[in-house]
Amino acid sequence: MRKFLKQWRYYSLGRDEYRKCMDKIFINNLYNLRQANIAVIVVGFCFTLFPLLIENNFFKAGVQLVLVVVAALLCIFVSHKISQHKQGRHINKRLIYTQIILYYANIILFGIYLGIFANPEKLAVSFMGILICALCLFNISPLFSLYSTLGAISLFIAASIFIKTPGNYSFDIVNVLFAGCVAQFFGWKITMFRMSLASSAGKLEEERNRYYGQSLLDELTQLKNRRDFMQTFQRFLSNYRQSDNFLCIAMIDIDFFKNYNDYYGHAKGDECLCAVGKALKDLNERMGIYAARVGGEEFALIWFEKEVANVGNVTSEISQMISNLNIHHERSNIASNITVSIGVQVVQCGSHYDLHTLYDLADKALYTAKRNGRNQIVINSSLSIA
């Protein structure tokens, strides 16, 4: 019994994986239920015709009509909730499961009436197919499937006893129990199959996300690459228009890196890039500065500043941090260690810049720093430029 209550063990899944699969299956049930609501309302109103056409009982027809109207209102309410769920709003699972049970009841009652019209003495003949079809429409847990099947069997037996004489419903009881076992078996297998599909889809999605994440990563330095930089830059632009801070974009170039590569070799050049990349990556943890490698020896930074005056302090700290790596550079024309040139563009909140314009402005500031002798910082704080 304890094992039965821990349903994820039935599918050879872990608890977390089981919950993820059931969440996906629940969303599929939402859309199936929304379509089934139409059938529930139509069939429900058809039920109200039976007492009028067969029994000429207006009171019974009126009671059934009231019940059908209540069920129809519930269907409309749930359909509205499902529409809200598509917009990301929360929906109570108990409400959905309650209507699934009502849907089963509706289908079963339809089977009862169908059996009465076809052959009143063999009421349960059509029940097995109808119950199996009802269980196949939704994908539910084994425990809930068992509850639904037992509820359907009880409802059918009660209806049969109510409608038929005591000597005529024994066949119904045997048939409905057999139908319930078959329906439970098929519902079990179908749910297991859907769970397997959901699990496979989840693993495939994880693999796709992993490969997508790798496609946004620079393999050598483990920084983000140019593709991710452009996407992140666009998000920063969207946020800064609603911020009171200043948006800063800095372009960084390692001075005389070609000379370094030619003299020390490409293996040493890769080690140098990795060391600089690691130093820039640490900026994100310490100062919340996004860093990416956008070219061979070029890097880009994006961050927000509350005061324009702080930009110079931050970039000076970055330049000094790279210089403190103490990577010897014998072929540099300006220093004995690796140094960098930095070009920065600062924009004010509310200014209307596009991505490429800002990138070009920062790149021009970088080339100005390189033309002026390298190992220096050029900050373009002409905030009136638009």
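Out of the residues in the range 310-327 meeting the condition of being of a type in the set (Ser, Thr, Tyr) and touching a residue at least 40 places away in the same chain (Cβ under 8 Å), tell me which one is farthest from residue 379 (Cα to Cα).
Taking the candidates together, the pick is 319.
Which of the residues that make up the range 175-200 are within 18 Å of residue 23 (Cα to Cα), among the polar types (S, T, N, Q) and surrounded by 18 or more Cβ atoms within 10 Å (Cβ to Cβ)?
191, 199
Modelled with pLDDT of 75 or more and either over 30 Å from residue 277 (Cβ atoms) or open to solvent by 50 Å² or more (accessible area, probe 1.4 Å) (or both): is that true of residue 231 in this structure?
yes
Given the condition under 18 Å from residue 246 (Cα atoms), assigned to a helix (DSSP H, G or I) and among the β-branched types (Val, Ile, Thr), answer yes or no: does some residue in the range 376-384 qualify?
No, every residue in the range 376-384 fails to be under 18 Å from residue 246 (Cα atoms), assigned to a helix (DSSP H, G or I) and among the β-branched types (Val, Ile, Thr).
Hey, among 298, 330, 305, which residue is touching a residue at least 40 places away in the same chain (Cβ under 8 Å), open to solvent by 10 Å² or more (accessible area, probe 1.4 Å) and either within 16 Å of residue 378 (Cβ to Cβ) or of a type in the set (Val, Ile, Thr) (or both)? Spell out how you get there, then give the answer.
Working: 330 fails: either within 16 Å of residue 378 (Cβ to Cβ) or of a type in the set (Val, Ile, Thr) (or both); 305 fails: either within 16 Å of residue 378 (Cβ to Cβ) or of a type in the set (Val, Ile, Thr) (or both).
Result of the check over 298, 330, 305: 298.
For the range 177-288, list the helices (runs of 4 or more DSSP H) that sit wholly inside it and hold at least 1 residues that are of a type outside the set (Ser, Thr, Tyr) and closer than 26 Å to residue 346 by Cα; which are they?
Details: elements: 226-240, 257-264, 266-287.
Because the criterion is at least 1 residues that are of a type outside the set (Ser, Thr, Tyr) and closer than 26 Å to residue 346 by Cα, the helices (runs of 4 or more DSSP H) in the range 177-288 that meet it are 226-240, 266-287.
Looking at residue 134, is it in contact with a Cys (Cβ under 6 Å, 6 or more places away or on another chain) and modelled with pLDDT under 75?
For residue 134, the condition - in contact with a Cys (Cβ under 6 Å, 6 or more places away or on another chain) and modelled with pLDDT under 75 - is not met.
I need the full set of residues from the range 320-337 which are within 18 Å of residue 300 (Cβ to Cβ) and in contact with a strand residue (DSSP E or B) (Cβ under 6 Å, 6 or more places away or on another chain), in order please.
Hit for the range 320-337 is 322, nothing else.
Yes/no per residue for (1) in contact with a Lys or Arg (Cβ under 6 Å, 6 or more places away or on another chain); (2) open to solvent by 90 Å² or more (accessible area, probe 1.4 Å); (3) aliphatic (A, V, I, L, M):
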residue: 210; (1), (2), (3): no, yes, no
residue: 219; (1), (2), (3): no, yes, no
residue: 245; (1), (2), (3): yes, no, no
residue: 252; (1), (2), (3): no, no, yes
residue: 261; (1), (2), (3): no, no, no
residue: 274; (1), (2), (3): no, no, no
residue: 279; (1), (2), (3): no, no, yes
residue: 282; (1), (2), (3): no, no, no
residue: 294; (1), (2), (3): yes, no, yes
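Considering only the range 56-64, I want to know if a residue exists there that is open to solvent by 40 Å² or more (accessible area, probe 1.4 Å), on the phi > 0 side of the Ramachandran plot and either assigned to a helix (DSSP H, G or I) or at pLDDT 65 or above (or both).
For the range 56-64, residues open to solvent by 40 Å² or more (accessible area, probe 1.4 Å), on the phi > 0 side of the Ramachandran plot and either assigned to a helix (DSSP H, G or I) or at pLDDT 65 or above (or both): present.
Return the residue satisfying two criteria in turn: it lies in the range 333-343 and is under 50 Å from the mean Cα position of the chain (by Cα) and touching a residue at least 24 places away in the same chain (Cβ under 8 Å), and of such residues it is surrounded by the fewest Cβ atoms within 10 Å (Cβ to Cβ).
Once the filter is applied, the top-ranked residue is 339.
Determine whether residue 354 is out of contact with any strand residue (DSSP E or B) (no Cβ under 6 Å at 6 or more places or on another chain) and open to solvent by 20 Å² or more (accessible area, probe 1.4 Å).
Spelling it out, residue 354 is indeed out of contact with any strand residue (DSSP E or B) (no Cβ under 6 Å at 6 or more places or on another chain) and open to solvent by 20 Å² or more (accessible area, probe 1.4 Å).
The values are calculated or read from the model by the stated rules, or taken from the named source; none is laboratory data. None of the values given here were measured: they were computed from a predicted structure. In this analysis, Cβ positions are derived from the backbone assuming ideal geometry, glycine residues included, and neighbour counts consider all displayed protein chains. Calculation scope for accessible area: heavy atoms of the full protein, side chains included, ligands and nucleic acids excluded. Shrake-Rupley method; radii C 1.70, N 1.55, O 1.52, S 1.80 Å.
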